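Written below as structure tokens is the structure these notes are about.
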Amino acid sequence: MKRREKLIAEKKLMLSRASVEWDNLRLEMLKRCSICYKRLLEIIDEHKIKITERLQYEAAHAGNPETWWKEDYPYRLKVEIMNMSSGVESFVTRTINEDLRWLNITLSNQFKTQILFDKGSGPEDIRKPFDNIRFENSIEFEDIAKKRNMVRAGTAALTAASYLVLTPLGLPYLVASLGIGTGSSIITEKVFKGKIENQKAKIKEVIAQNVPEVIDSATMQTKERLNMRYNEIIKSAREKEDSWMAVQSEAIENSVKTVNPKCEEILDSNIADIKSLYSRIQKY
């Protein structure tokens, strides 16, 4: 009887240790989730720099900065971020599959079981926040084209007036009057070219702020979705643990209830299993 009680106590102790190992596996999955998110942030930061540089380059070469900002930039930003989201989805899918594979290998080695994880909506959920970005126009533009036309009209009028006044005075004065218009046009174009360059510089400045803000906003939602995916895996593992523990506990209870002369033989037959389980757990 003492030997029987000793074997039962040993099995219960091993079951308690096994429960601790299940907890360790859940903690490891949470750790892997954090590592995945940290690496994801690094990848996203790399994309932020590249996207910002590409869009700033396009802005610097835009013929009409205002038109480019209002019509081209929202589309180009969306395309760039959608391309980025494909890479993000691929990375997350690969990482989750690798971590799930590791978990199942460990469960198989330690407990001779695995989890059948229902992928549900799948890691593609990770890219959805990036595919639904919002753009807000935060730049007010001076109507350079309108002002340029007004100045040109004024210069033309000034030239015409000079021509009418100075023509009776002789040809040299006519040439001088024409020089007034030409000189004014050159100065005007330089002024407005400077204004256009200032608009481009302003756009590049806003892009440097806008791109990270838009991506960071979507990234916050990605963190929640990534945590959800890992928590679903952990939940599946918890359910498998409950099932596994129930089977083991029932086996112990049946051993306790055994009153026939062969009870010790039944318990003895489980010693190998106990030692095998202990050995597997010690390896991890």
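The values are calculated or read from the model by the stated rules, or taken from the named source; none is laboratory data. Just so it is clear, the structure is predicted and the values come from calculations on it, not from any experiment. Reconstructed Cβ throughout: ideal geometry from the backbone, glycine too, with neighbour counts over all protein chains shown.
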Discussion item. Return the residues of the stretch 56-82 that are acidic (Asp, Glu) and either under 18 Å from Pro212 (Cβ atoms) or surrounded by fewer than 18 Cβ atoms within 10 Å (Cβ to Cβ) (or both); say none if nothing qualifies.
Written reply: Glu58, Glu71, Asp72, Glu80
Discussion item. Can you find, within the stretch 2-39, the residue that is nearest to Asn231 (Cα to Cα) among those that are modelled with pLDDT under 70 and out of contact with any helix residue (DSSP H, G or I) (no Cβ under 8 Å at 6 or more places or on another chain)?
Written reply: Leu13
Worksheet item: Which number in (1) in contact with a helix residue (DSSP H, G or I) (Cβ under 8 Å, 6 or more places away or on another chain); (2) farther than 20 Å from Ser217 by Cβ; (3) not hydroxyl-bearing (Ser, Thr, Tyr) marks the one condition that Arg76 misses?
Response: (2)
Worksheet item: Do we have Pro261 as modelled with pLDDT of 80 or more and out of contact with any strand residue (DSSP E or B) (no Cβ under 6 Å at 6 or more places or on another chain) here?
Response: no
Fill in: Pick from the stretch 212-254, criterion under 19 Å from Lys31 (Cβ atoms) and among the hydroxyl-bearing types (Ser, Thr, Tyr), ranking: modelled with the highest pLDDT
Tyr230
Discussion item. Among the listed residues Thr67, Thr52, identify the single one that is in a helix (DSSP H, G or I), modelled with pLDDT of 95 or more and not charged (D, E, K, R).
Written reply: Thr52
